[in-house]
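Working notes, beginning with the structure itself.
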Amino acid sequence: MSSDRQTPVSLRTLGRVRVLQALSDAAGMSRPELVQRTGLARATVGSVVADLLAAGLLAEDDAVDGDRPSRIGRPPRTLALAAHAAYAFGVDIGHDRVHTQLCDLHGEPVWDQTTALAVDEAAPEVLALVSDHVDTALPATGIGRAKVLGIGIGIATPVDHVTGTLHAAGIMPGWVGVRPADELRARTGLAARVVNDANAAVLGERRYGAAQRRNDAIYLRLSAGIGTGVVCDGRLLLGSGGLAGEVGHVTVAPDGLVCRCGNRGCLETVASPDAVAALLSTGRQRPVTVDDLLDLVRAGDRGAVRVVEDAGVAVGRAMAGMVMALNPGLIVVGGVLAAAGEPLFSALRTTIARNAMNSHTEELQIVPSTLGDNAGVRGAAALVLADAPERLAVLSAG
Ligand SMILES: [Zn+2]
């Protein structure tokens, strides 16, 4: 956290940060591997590890490592972060529900709750609900508040990353001017950070899902809101105001429908799940819901497959621009429409290949999200857990 960075830190604390950071990036590591990874002297690693074990921040197991059999004596013991040394809340605030998880230091959920709520007009109610989730989760799990590093929030509207203010006009009208992180900090006493939900999702997929070990990946959410979260050179790409990746409001049909943002013919007006399902309503002379659309696609209905493919083409054209600009190696597709499966993915792949250079697309993979509805909430917790090495090093030094 920034407040920690302003405090002078001792070399001893820096050694702890390096060891904790190395272990948070890997499933487990031996002492010799830690020496190699951190660049610290062997004696320093030994002393830092002993301190961290004594503080309960590390766990030690006999290595079961087939890659490096030790020829002499016992195999080196493997060190890992102690899963229950600290926790973080992840909160995913969508348009119609609030999803909260309490995750351990490994990012595994230990408590999970989703509450349906009409979110867009109801900022005070949602903030009170998140605070209730926190107050319910801690006694239910027996975890003390002092062990919680903070709350990470992903929300379905653009977020100014400097002030934490939401750009919610036309998207979540009840949230204009609200600073959810400040509000939740005041209500819960916990540190809090907020990002756009697609940014939370790309962090989740990168840490635990389809984009692991990828430094250049895009998460594409195809739901009522269409947006992307971008990791570029290993870092979350935010842009000057934190608003990068809003591909849903790129114009794809200049004479098309007026969008909720006030422009005309945005990608969302032709490829959001409701817009795609509505195309089937006219021919069938009855409303076709998004669930109906997905059932029809699975049943191989020609019209349903066609409208999903057309949506894939529209999204693919817009994404081709991002592919040329950012050169990702992977696009992870999540959101409601991702469930349409192969007709959508096939149209996306073909269209991106046709509208971007071969050099940019021949190695590009386009895959479904592996975390599904949990990408945002787990990524929101990961946002807080990313600071765990510095926070825990300072706490354990105190
Ligand atoms: Zn728009």
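The values are calculated or read from the model by the stated rules, or taken from the named source; none is laboratory data. Please read all numbers here as calculations on a predicted model, not as lab measurements. FYI the Cβ positions are ideal-geometry reconstructions off the backbone, even for glycines, and counts take in every protein chain you see. Protein only, heavy atoms only, side chains kept; ligands, DNA and RNA dropped before computing areas. Shrake-Rupley method; radii C 1.70, N 1.55, O 1.52, S 1.80 Å.
Each of residue 370 and residue 21 was given a label point 7 Å from its Cα along the Cα-to-Cβ line. The distance between the two points is 2.6 nm.
In this structure residue 290 has an accessible area near 30 Å², from a 1.4 Å probe over the protein heavy atoms. Beyond 41 Å, the tail of the calculated P(r) for the chain holds 20 percent of the Cα pairs.
Return the carbon/sulfur percentage of the accessible area of region 270-398, one whole number, probe 1.4 Å, all protein chains in place. Reported share for carbon and sulfur atoms: 50 percent. The calculated FRET efficiency for the pair residue 136 and residue 358, based on their C-beta separation and a Förster distance of 41 Å, comes to about 0.20. Estimated at 0.36 nm per residue, the fully extended path between residue 301 and residue 243 surpasses their Cα-Cα distance by 17.1 nm. Under a Cβ-Cβ cut-off of 12 Å, what is the net charge of the residues other than residue 132 that fall near it, where Lys and Arg count +1 and Asp and Glu count -1? Local charge sum for residue 132: -1. For the chain, the per residue solvent-accessible surface stands at 46 Å², with DNA, RNA and ligands left out and a 1.4 Å probe.
Among the protein heavy atoms of region 178-265, carbon and sulfur supply 45% of the accessible surface, probe 1.4 Å, non-protein parts ignored.
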